[in-house]
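For reference, the structure is listed below as structure tokens.
The values are calculated or read from the model by the stated rules, or taken from the named source; none is laboratory data. Predicted, not measured: the structure shown is a model, and the values here were computed from it. We place every Cβ from the backbone using ideal geometry, glycine too, and count neighbours over all the protein chains shown. SASA here: full protein model, heavy atoms, side chains in, ligands and nucleic acids out. Shrake-Rupley method; radii C 1.70, N 1.55, O 1.52, S 1.80 Å.
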Amino acid sequence: MDLPGLELKIRMTLVAGPDMRVFIPVRLYYTDSDPYAVQFSFDVTPDEVVRWTFARDLLDQGLIAPAGIGDVKITPIGPHRNRCLGIELESPDGYARLEGPIAAVKAWLAKTFEVVPAGRESESVDIDSFLDKLLSH
């Protein structure tokens, strides 16, 4: 298939402390060349971009109920009418908690499932190319 990718640009709130919140631009990206994953990035400073890749299924589950037990945790926040999305990212380099619009993410994620339906991701993976890249290193 090899589509260019689906992108969502939104503003989320970086929760930097109990009384400190900063609005930041966030980018979610999906391509059928990596059908199991979504890419998530945000600018910490003009020169520093934080990039994460995590399972598309994790994001899907986190829209409904708390999901994730590792370095990425996703959870819906608040009552259904005013629901937001919380994303926690943790690594040896630091921790970040972001909150943002769940409706926009949900609509974007639905488009990714139109491109590559759940359970059919393996049909989009070119195993031969993957193995060639892996074995050439």
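Numbers for the structure displayed
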| item | result |
| --- | --- |
| Restricting region 82-108 to residues that are without any contact (Cβ under 8 Å) to a residue 24 or more places away in the chain and among the charged types (D, E, K, R), the residue that is surrounded by the fewest Cβ atoms within 10 Å (Cβ to Cβ) | ASP93 |
| THR112 open to solvent by 20 Å² or more (accessible area, probe 1.4 Å), touching a strand residue (DSSP E or B) at 6+ places or on another chain (Cβ under 6 Å) and β-branched (Val, Ile, Thr) | no |
| Flag for PRO25 being touching a strand residue (DSSP E or B) at 6+ places or on another chain (Cβ under 7 Å) and at pLDDT 95 or above | no |
| Strands (runs of 3 or more DSSP E) within region 1-62 that include 2 or more residues surrounded by 13 or more Cβ atoms within 10 Å (Cβ to Cβ) and without any contact (Cβ under 8 Å) to a residue 60 or more places away in the chain | 20-30, 37-45, 48-55 |
